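Only one structure is covered here, and it is reproduced in the block below.
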Amino acid sequence: MSSRPRRGDSCAAETRLRAWLAAGAERHITFTPTDFGDRPFSLTALLFSAPLPERLRQFWRSLCVWTGSLSPFSGWQIFWYRQAGVNIGKNVFISPGVIVDLLFPQLITLEDEAVIGLGAMVVAHIYTPERIIVGRSTVRRRGLIGGRGILAASEIGEEGVLGPNSLPIEPIPAGYVALGVPGVMHRRKSSRTGKSEDRT
């Protein structure tokens, strides 16, 4: 009978996650249940079993995100999400009910003039029964997420749009619109030619 892992005991997932974050978290990282050994297959359990200083930082980030999500005004949300570690540019607008990643707010970037619609979600990790994927989520300059759209460990290019109630499975290029689940890419009309182009 195996003994229950003690707080502070490391596992492959914890070691890999720390090294990845320290290296700048530029590319996605994937975990499988094997990486967690005898521990629960859960990033939440992993992060809150870290040494006390790290647990306190994680608690503070989560508290700031929770407070921001309850704030009715964009300015208040921006303040609290910045406290949590979200990188937010100038003239960003965040609608009520928006939720950002509780575990990795520092991996989220909202560039200048980005707009996040009512009840949208911007998260930096994806769970499936077989794997957990962690990666940066970025909304580039003048990018938009429609109401209840979900951006998960992905990117919206400059002036790109994620439609309402939509979820893309690949990054949205600059100037494209993604609609539906999974998001189908459509080229936005050019102000010069008036033409549009679908992307398959």
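The values are calculated or read from the model by the stated rules, or taken from the named source; none is laboratory data. It should be emphasised that the depicted structure is a prediction, and the values quoted were computed from it without experimental measurement. We place every Cβ from the backbone using ideal geometry, glycine too, and count neighbours over all the protein chains shown.
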(message) With out of contact with any His (no Cβ under 8 Å at 6 or more places or on another chain) and over 27 Å from GLU54 (Cα atoms) as the only criterion, which of ILE108, ILE116, ILE126 stands out?
(response) ILE116
(message) Please count how many residues of segment 34-49 are farther than 21 Å from SER137 by Cα and in contact (Cβ under 8 Å) with a residue 40 or more places away in the chain.
(response) 2
(request) Search segment 39-96 for residues being surrounded by fewer than 17 Cβ atoms within 10 Å (Cβ to Cβ) and aromatic (Phe, Trp, Tyr), and hand back the single one that is modelled with the lowest pLDDT. (result) PHE48
(request) Inspect all residues belonging to segment 117-140 and state whether any of them is touching a Pro at 6+ places or on another chain (Cβ under 7 Å) and within 29 Å of THR32 (Cβ to Cβ). (result) no
(message) Can you find, within segment 93-144, the residue that is farthest from the chain's Cα centre (by Cα) among those that are over 21 Å from GLU170 (Cβ atoms) and in contact (Cβ under 8 Å) with a residue 40 or more places away in the chain?
(response) SER95
(message) Being in contact with a Phe, Trp or Tyr (Cβ under 8 Å, 6 or more places away or on another chain) and closer than 21 Å to ALA22 by Cα is true for just one of LEU102, LEU107. Which residue is that?
(response) LEU102
(request) For segment 176-200, enumerate the residues that are among the small types (Gly, Ala, Ser), at pLDDT 85 or above and surrounded by 15 or more Cβ atoms within 10 Å (Cβ to Cβ). (result) ALA178
(request) Just give me the residues in segment 68-84 being in contact (Cβ under 8 Å) with a residue 12 or more places away in the chain and touching a strand residue (DSSP E or B) at 6+ places or on another chain (Cβ under 8 Å), in sequence order. (result) GLY68, SER69, SER74, GLN77, ILE78, TYR81, ALA84
(request) Please verify whether segment 103-118 includes one or more residues that are touching a Cys at 6+ places or on another chain (Cβ under 8 Å) and not basic (Lys, Arg). (result) yes
(request) Taking the options LEU21, LEU47, LEU17, name whichever one is touching a helix residue (DSSP H, G or I) at 6+ places or on another chain (Cβ under 8 Å), aliphatic (A, V, I, L, M) and within 25 Å of ILE169 (Cα to Cα). (result) LEU17
(request) Would you point out which residue out of ARG131, ARG142 is surrounded by fewer than 20 Cβ atoms within 10 Å (Cβ to Cβ), among the charged types (D, E, K, R) and touching a strand residue (DSSP E or B) at 6+ places or on another chain (Cβ under 7 Å)? (result) ARG131
(request) Please work out which residue is farthest from the chain's Cα centre (by Cα), limiting yourself to segment 39-62 and to residues that are part of a loop (DSSP other than H, G, I, E, B) and of a type in the set (A, V, I, L, M, F, W, C). (result) ALA50
(request) Could you list all residues from segment 10-38 that are modelled with pLDDT of 95 or more, part of a loop (DSSP other than H, G, I, E, B) and surrounded by 15 or more Cβ atoms within 10 Å (Cβ to Cβ)? (result) ALA25, HIS28
(request) Taking the options ILE78, ILE126, name whichever one is of a type in the set (Val, Ile, Thr), closer than 24 Å to LEU167 by Cα, out of contact with any Lys or Arg (no Cβ under 8 Å at 6 or more places or on another chain) and not in a helix (DSSP H, G or I). (result) ILE126
